[in-house]
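Okay, so here's the structure we're looking at.
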Amino acid sequence: MSRIAGVFAALKQQNRAALITFVEAFDPERATSLTLLRGMAERGADIIEIGVPFTDPMADGPTIQAAGRRALLAGATLAGVLDLVREFCAGNGETPLVLMGYLNPILSYGVEKFCADAAAAGVDGLIVVDLPTEEADLLLPAAATNGLDVIRLVAPTTSDERLPLVLRGSSGFVYYVSITGITGTRTASAEDLARDIPRLRRVTNLPIAVGFGVRTPAQAAVVAAHADAAIVASALIERLVSADVAAVLADVAALAGAMGR
């Protein structure tokens, strides 16, 4: 059982949904990223996504785009992100880490070498936002060889006919992009989730995590009532920009407290 699967199995026994938080690696610099990773794990984040900065982040809203620019200016590279993971995992062997980014840096690094190095560093899963479903074989074999979950994104616009194709070969959890558009702009309602989550459950047994727009403990609680995890990203980055690390970690603790069912 992967560490991601283990987390969801344990939380199911506790009748809780998972809190998945997000850190943009190297935003605003490496040391702060490491502090955030450690602090989020201590304050109740069950899984942490680490954003890999990229120059053309087509799925990201203004908040994460700005974080990526700051990170690139701070010297972020894919190799540097793996080194950050390695240092975090040296002190925490329990919290699963998922790299979220784009295909081009992986192709440049070399798919097989990247998957081997990512697994060795301590990465548990990959979300490659712009990996075409029809070209998933670019990544799936090397990821499977190295025990990495490949987490696929589905949206309200994904048809019933296409869902099985998109999810074929996926593992870890399903990332449900609960709104149409870019990250951090709005959130799905309880009515939306009550309609959409059962549609996904009919075609997969994987846990379903809801992202793109979850910002507050109240919104996270709505997600927890319908799905298996809430993903919070832009709101935490905005808090870091407007306040400090302590404020971000306080928000994480409040979000974690809302995940019971």
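Annotations for the structure displayed:
- Dipole size of the chain about its Cα centre, with +1 on Lys/Arg Cβ and -1 on Asp/Glu Cβ: approximately 620 debye, rounded to the nearest 20.
- Taking the average, over residues, of other Cβ atoms within 10 Å as the packing measure, peptides 201-209, 93-101 rank 93-101, 201-209 from highest down.
- Using 0.36 nm per residue and subtracting the Cα-Cα separation, the extra length available between N15 and L107 on full extension is 29.1 nm.
- By the Cα gyration tensor, the stretch 76-168 has an equivalent ellipsoid whose semi-axes, rounded to whole angstrom, run 25, 14, 12 from largest to smallest.
- Segment S159-M1, length gained on full extension (0.36 nm per residue, minus Cα span): 53.9 nm
- Antiparallel DSSP beta bridges within the stretch 3-256, as percent of all bridges there, nearest 5: 0 percent
- For L103, the shell of other residues with beta-carbons less than 10 Å away shows a net charge of -2, using +1 for Lys and Arg and -1 for Asp and Glu.
- Separation of the R261 and E94 label points, Cα + 7 Å toward Cβ, nm: 2.3 nm
- Dipole of the stretch 3-256, positive end: most advanced residue of L206, Q13, M40 [Cβ charges, Cα centre]: Q13
- Charged neighbours of A31, selected by a Cβ distance under 12 Å, balance to -1 (K, R count +1; D, E count -1).
- Environment charge at L240 (Cβ cut-off 11 Å; Lys +1, Arg +1, Asp -1, Glu -1): -3
- The ellipsoid equivalent to the alpha-carbon distribution of the chain has semi-axes of 24, 22, 18 angstrom, derived from the gyration tensor eigenvalues as √(5λ) and listed largest first.
- The Cα atoms of the stretch 195-261 give a gyration tensor whose axes a ≥ b ≥ c have a/c of 1.5 or more with a/b greater than b/c, which makes the shape prolate.
- Placing pseudo-labels 7 Å out from each Cα toward the beta carbon at T35 and A144 gives an inter-label distance of 4.3 nm.
- Mean Cβ count within 10 Å, highest first, over the residues of peptides 78-89, 227-238: 227-238, 78-89
- The gain in end-to-end length when the M58 to R168 segment is fully stretched comes to 37.2 nm, 0.36 nm per residue minus the alpha carbon separation.
Where a number appears in this text, it was derived from the coordinates with a stated rule and is not lab data. Owing to the predicted nature of the structure, the values given are computational and were not obtained by experimental measurement. Every residue, glycine as well, gets a Cβ built from its backbone with ideal geometry; the counts of neighbours run over all protein chains shown.
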